[in-house]
1. Would you check which residues across the range 97-133 are in contact with a Ser or Thr (Cβ under 6 Å, 6 or more places away or on another chain) and closer than 12 Å to L8 by Cα and list them?
2. Test of understanding: among A106, A86, A60, which residue is in contact with a helix residue (DSSP H, G or I) (Cβ under 8 Å, 6 or more places away or on another chain) and closer than 27 Å to D146 by Cβ?
3. List every residue pair whose Cβ atoms sit under 8 Å apart, with the two residues 6 or more apart in sequence or on different chains, where the first one lies in the range 129-155 and is within 13 Å of Y42 (Cβ to Cβ) and small (G, A, S) and the second, anywhere, is at pLDDT below 95 and part of a loop (DSSP other than H, G, I, E, B).
4. Out of the residues in the range 117-135 that are closer than 21 Å to S75 by Cβ and in a loop (DSSP other than H, G, I, E, B), state the one that is least open to solvent (accessible area, probe 1.4 Å).
5. Out of the residues in the range 79-94 that are more than 12 Å from W46 (Cβ to Cβ) and not β-branched (V, I, T), state the one that is least open to solvent (accessible area, probe 1.4 Å).
6. Name the strands (runs of 3 or more DSSP E) wholly within the range 1-64 that hold at least 3 residues that are open to solvent by less than 20 Å² (accessible area, probe 1.4 Å)?
7. Return the pair list, or none, for Cβ contacts closer than 7 Å from residues in the range 91-103 that are free of Cβ contacts under 8 Å to residues at least 60 places away in the same chain to residues that are open to solvent by 40 Å² or more (accessible area, probe 1.4 Å), at least 6 apart or on different chains.
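The values are calculated or read from the model by the stated rules, or taken from the named source; none is laboratory data. Treat the numbers as computed from the prediction; the structure is a model and nothing was measured. Because the Cβ atoms are built from the backbone with ideal geometry, glycine has one as well, and the counts that use them run over all protein chains shown. Accessible surface areas use protein heavy atoms only, side chains included; no ligands, DNA or RNA. Shrake-Rupley method; radii C 1.70, N 1.55, O 1.52, S 1.80 Å.
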Amino acid sequence: MTDPSGALQPGQPAPEFTLPTGPDRQVSLAESRGRPTVLAFYPADWSPVCGDQMALYQAARPAFDQYGASLLGISVDSVWCHDAFAASAGIEFPLLSDFEPKGAVARQYGVYGPDGYAERALFVLDPQARVSWSYVSPIDVNPGADGILDALDALTSHQARA
């Protein structure tokens, strides 16, 4: 279900951000300009649903790569928590820390929850960093990868026609 109450909707520009992905590394949305970008906001590294979701995206990376898409996971956890989680789960794509100020980027995208963490939300951005597709999942449901892949397919089909 797409959240009508606050999540950015298709056609809206994606807010720029720079977030840490480790104690000495940052990632900016600007680094993904010129290619599709998948933003996967999620509540917490070690929760069972989040762990399954991020592991699924790691396994699906070859499919995302076919579209030339950049994949970024974002939660309010610290870089140290992300590092331990990524090492434990075999996650190789960047997990960005929206830790301080807590949830600032999630708020910009309209997916900061009332309980102090990011909602389980997905955004597919076009190469110009406009929202092409957005989806907010129930907090206890892994949204899978099909919606992302369908959105990437639609985006590439649209670009081929343009």
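1. Scanning the range 97-133 gives F123, V124, L125.
2. Values: A106 fails: in contact with a helix residue (DSSP H, G or I) (Cβ under 8 Å, 6 or more places away or on another chain); A86 fails: in contact with a helix residue (DSSP H, G or I) (Cβ under 8 Å, 6 or more places away or on another chain).
From the options A106, A86, A60, the qualifying one is A60.
3. S137/M1
4. Restricting attention to the range 117-135, the residues satisfying the condition of being closer than 21 Å to S75 by Cβ are 117-125, 129, 131, 133-135.
Those left that are additionally in a loop (DSSP other than H, G, I, E, B): 117, 119, 129.
Numbers: Y117: 66, E119: 47, A129: 10 Å².
Among those residues, the one meeting the criterion is A129.
5. Among residues in the range 79-94 that are more than 12 Å from W46 (Cβ to Cβ) and not β-branched (V, I, T), the one least open to solvent (accessible area, probe 1.4 Å) is F93.
6. Output list reads 37-41.
7. Qualifying pairs under 7 Å: F93/R61; G103/Y112.
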